[in-house]
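The values are calculated or read from the model by the stated rules, or taken from the named source; none is laboratory data. All values reported here derive from a predicted model rather than from experimental measurement. In this analysis, Cβ positions are derived from the backbone assuming ideal geometry, glycine residues included, and neighbour counts consider all displayed protein chains.
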Amino acid sequence: MTAELMVVRALVLRALNEITRVPGAAIPGVLAPTIFMVGLASVFGKAAELPGFTSDDFLTFIVPVGLLQGAGFTGAATGVNLARDIEQGWFDRLLLCPAPRAALLAGIIASAGLRALLPGTFLFGVALALGVDFPGIDGLLVAVPLVMGFACLMACWGVILALRFRSQQAAPLMQMGNFVAVLFSTAYAPKELLAGWLETFATVNPVTLVLEGVRQGFVGDVTWADTWPAFLALGLLLAAFGALAVRGLGRYGR
């Protein structure tokens with residue numbers, strides 16, 4: 001177990017080193033969620049005045065959306081980086097090391113959870129500067145692990161596609177998974193204000209539960225009734241996509 005953890009740690013550190021060695025590559029993923037948040041709040045800010053809207057401030061309402069988007073971008077970038085390593089042959093050499101493939105996969109995915117803190121921290125700082133109220137320590141204690149977990153989920157999705165296509169040309173599909181998962185939820189309006197078909201999608205979309213969990217503290221109080229469904233939904237999604245990623249890795253090279 002100690003040797004496996006050392007492998008995971010080494011892969012996480014390698015991913016983090018990419019930020020310091022090539023900081024320009026991380027800038028788009030850091031800035032994009034914040035730009036989307038500010039732009040949407042500027043255009044649709046008056047939506048908060050609609051009857052039934054659950055927040056008095058649209059910017060506050062969509063801050064959690066930006067946090068999940070930043071995590072999703074990070075997860076997709078993890079898949080793109082894996083595809084790059086496959087194209088360059090580095091990943092094939094990595095598979096020759098005497099470490100379980102599950103440990104290699106864990107290191108790649110865990111790095112996404114840590115890297116998601118970078119765009120999340122930047123967006124959160126901008127939101128506070130623009131007047132968004134602090135969600136409280138309890139709100140952060142719920143939001144941070146959910147955001148990190150969502151980044152790991154999107155990293156699993158990216159890994160699945162990278163192992164399937166073995167090319168960076170699959171990057172749009174990796175990003176599309178993030179956009180679809182967040183868009184078809186209660187991202188930009190409460191469920192009661194959505195069109196009928198979108199309300200149906202948001203109801204069955206498990207990411208809606210994750211988003212509502214992150215939204216606690218920003219909009220309303222932190223409650224157990226909104227917390228446990230968020231972690232349960234995220235845990236089940238991670239288990240499902242993680243199993244598919246392990247399966248794809250097991251078939252890689254055969």
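Given the range 63-140, what helices (runs of 4 or more DSSP H) lie entirely inside it while holding 1 or more residues that are in contact with a Gly (Cβ under 7 Å, 6 or more places away or on another chain) and surrounded by 14 or more Cβ atoms within 10 Å (Cβ to Cβ)?
Working: elements: 90-94, 101-115, 117-129.
The helices (runs of 4 or more DSSP H) meeting that bar are 101-115, 117-129.
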* To do: Would you point out which residue out of Thr208, Thr186 is in contact (Cβ under 8 Å) with a residue 12 or more places away in the chain, of a type in the set (Ser, Thr, Tyr) and assigned to a helix (DSSP H, G or I)?
  => Thr208
* Structure fact -> Of the listed residues (Ala129, Ala112, Ala116, Ala83), the one being of a type in the set (A, V, I, L, M) and farther than 15 Å from Met154 by Cβ is Ala129
* Structure fact -> Of the listed residues (Asp226, Asp221), the one being charged (D, E, K, R) and surrounded by fewer than 16 Cβ atoms within 10 Å (Cβ to Cβ) is Asp221
* To do: Answer with yes or no whether Gly131 is in contact with a helix residue (DSSP H, G or I) (Cβ under 9 Å, 6 or more places away or on another chain) and in contact (Cβ under 8 Å) with a residue 40 or more places away in the chain.
  => yes
* Could you count how many residues in the range 182-202 are more than 20 Å from Val147 (Cα to Cα) and either touching a Leu at 6+ places or on another chain (Cβ under 6 Å) or among the acidic types (Asp, Glu) (or both)? -> 2
* Asked: Cβ-Cβ below 6 Å, separation at least six or inter-chain, first residue in the range 40-54 and surrounded by 10 or more Cβ atoms within 10 Å (Cβ to Cβ) and part of a loop (DSSP other than H, G, I, E, B), second modelled with pLDDT of 90 or more and among the β-branched types (Val, Ile, Thr): which pairs?
  -> Thr54/Val219
* Those residues that are among the hydroxyl-bearing types (Ser, Thr, Tyr) and closer than 20 Å to Ala143 by Cα, I need them from the range 20-70; list them, please. => Thr34, Thr54, Ser55, Thr60
* Selected residue (criterion: modelled with the lowest pLDDT) from residues of the range 1-26 that are loosely packed, with under 10 Cβ neighbours inside 10 Å and part of a helix (DSSP H, G or I) -> Gly24
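Give the residue, chosen from Phe165, Phe231, Phe179, Phe241, that is touching a residue at least 24 places away in the same chain (Cβ under 8 Å) and within 18 Å of Pro135 (Cβ to Cβ).
From the options Phe165, Phe231, Phe179, Phe241, the qualifying one is Phe231.
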* Structure fact -> Output for Cβ contacts, cut-off 6 Å, separation at least six or different chains, first residue at positive phi in the range 112-128, second assigned to a helix (DSSP H, G or I), reads none
* Asked: Quick check: is even one residue across the range 195-203 among the β-branched types (Val, Ile, Thr), in a helix (DSSP H, G or I) and within 30 Å of Ala103 (Cα to Cα)?
  -> no
* Mind checking whether some residue in the range 31-39 is surrounded by 18 or more Cβ atoms within 10 Å (Cβ to Cβ), of a type in the set (Val, Ile, Thr) and under 23 Å from the mean Cα position of the chain (by Cα)? -> yes
